[in-house]
Each structure stands twice: as C-alpha cells, then as structure tokens.
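Below: the structure, in structure tokens.
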Amino acid sequence: QVQLVESGGGLVQAGGSLRLSCAASGRTFGTSVIGWFRQAPGKEREFVAAVRWSTGFTNYVDSVKGRFTISRDNAKNLVHLQMNSLNPEDTAVYYCASTLRWSTRRNEYDAWGQGTQVTVSS
C-alpha cells in the first residue's frame, strides 16, 4: 500500500501563490493516478486536479483552471500542485490521493495523505 505525504501548505495573502507537494513511500507512483482534493470547513471534500503518472494526462475542476497546475517530478517521485492567484475561497485542507483507475471521484481513491492546510487571507 502506498503511503502519501503532503507538504507545502501555509498562510498566504489573496493573489499569492503556494506549491504543494505529494510524496509517495512504499512504492513508486507507477501507473497510478494522483489526485488533489480539498475540504473547506463545513463542506464536502472536492476534487481539484489529477494527473496520470505514466502519461502526464491532467484534469482540473473548473474553479481552478488557469490558476492551478498539477505536475509530476519523475526523478523525485513527487507530484506538485502549483497554486497561483489564490483567493479566500481556496482556503481548505488539501489532500493528495492515489488510485489505479482514472477518476475524479473521491470514493475511487484508495490511498490518502494526512492533508495540509492552505489558508488565504483577504
């Protein structure tokens, strides 16, 4: 079972940027799909972006298109989420997760990190 660890969260002002990273231990990402999800207080966990490790194919939720970029670092076995033009609505705990089948549905991801807090102040 792959174990995932997120890093890079923090406090940033509106309009600023953060880069989140997701590291895997136990095995490499291989043919996995790695997704980023977020959960704001009182809200359900929602899909943000995903990348298929083997091909680099990506997908984003509409609200982050043009602002967020998901990428993979093959050499370091890392997945990054570059977040630009952040706004207070992006405040949430961000989780990375993995699955073997392409999906944007959280219940189809079977390995999760512990989450990292992103807070955007206005």
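The values are calculated or read from the model by the stated rules, or taken from the named source; none is laboratory data. Quick caveat, the model's predicted, so the values are computed rather than measured. Don't worry about glycine lacking a Cβ; one is built from the backbone with ideal geometry, like all the others, and counts go over all protein chains shown. Areas reflect the complete protein model, heavy atoms only, side chains present, ligands, DNA and RNA absent. Shrake-Rupley method; radii C 1.70, N 1.55, O 1.52, S 1.80 Å.
So the check is Cβ under 8 Å with 6+ separation or different chains; which pairs have a first residue in the stretch 49-78 that's on the phi > 0 side of the Ramachandran plot and a second one that's hydrophobic (A, V, I, L, M, F, W, C) and not in a strand (DSSP E or B)?
N77/F29
Any idea which residue in the stretch 75-97 is nearest to W112 (Cα to Cα), counting only those that are touching a Cys at 6+ places or on another chain (Cβ under 8 Å) and open to solvent by less than 30 Å² (accessible area, probe 1.4 Å)? Quick ask: steps written out before the conclusion?
Step one: of the stretch 75-97, the residues touching a Cys at 6+ places or on another chain (Cβ under 8 Å) are 78-81, 96.
Cutting the leftovers down to open to solvent by less than 30 Å² (accessible area, probe 1.4 Å) gives us 79-81, 96.
On the way: V79: 13, H80: 15, L81: 15, C96: 6 Å.
Among residues in the stretch 75-97 that are touching a Cys at 6+ places or on another chain (Cβ under 8 Å) and open to solvent by less than 30 Å² (accessible area, probe 1.4 Å), the one nearest to W112 (Cα to Cα) is C96.
Within the stretch 14-31, can one find any residue that is of a type in the set (F, W, Y) and touching a residue at least 40 places away in the same chain (Cβ under 8 Å)?
yes
With the structure loaded, tell me whether G56 is within 28 Å of Q1 (Cβ to Cβ), at pLDDT below 95 and open to solvent by 40 Å² or more (accessible area, probe 1.4 Å) or whether it fails that test.
Here the answer is no, as G56 does not meet what is asked.
Quick check: anything in the stretch 67-74 assigned to a strand (DSSP E or B), closer than 23 Å to S122 by Cα and hydrophobic (A, V, I, L, M, F, W, C)?
Filtering the stretch 67-74 down to residues assigned to a strand (DSSP E or B) leaves 68-73.
Among the residues that remain, those that are also closer than 23 Å to S122 by Cα are: 68-69.
Still in the list and also hydrophobic (A, V, I, L, M, F, W, C): 68.
Yes - at least one qualifying residue is present in the stretch 67-74.
Report whether or not S85 is more than 22 Å from Q1 (Cα to Cα) and in contact (Cβ under 8 Å) with a residue 24 or more places away in the chain.
Numbers: more than 22 Å from Q1 (Cα to Cα): yes; in contact (Cβ under 8 Å) with a residue 24 or more places away in the chain: yes.
Yes, satisfied.
Please determine whether any residue of the stretch 110-122 is open to solvent by 40 Å² or more (accessible area, probe 1.4 Å) and farther than 21 Å from G8 by Cα.
yes
Restricted to the stretch 15-35, and to residues that are part of a strand (DSSP E or B) and within 16 Å of V120 (Cβ to Cβ), which residue is least open to solvent (accessible area, probe 1.4 Å)?
Out of the qualifying residues, it is L20.
Is it the case that V64 is under 21 Å from T119 (Cβ atoms), open to solvent by less than 60 Å² (accessible area, probe 1.4 Å) and at pLDDT 95 or above?
yes
Filter the stretch 77-122 down to the residues that are assigned to a loop (DSSP other than H, G, I, E, B), over 12 Å from the mean Cα position of the chain (by Cα), over 16 Å from A23 (Cα atoms) and not aromatic (F, W, Y) and list them by number.
N84, S85, L86, N87, T91, L100, R101, S103, R105, S122
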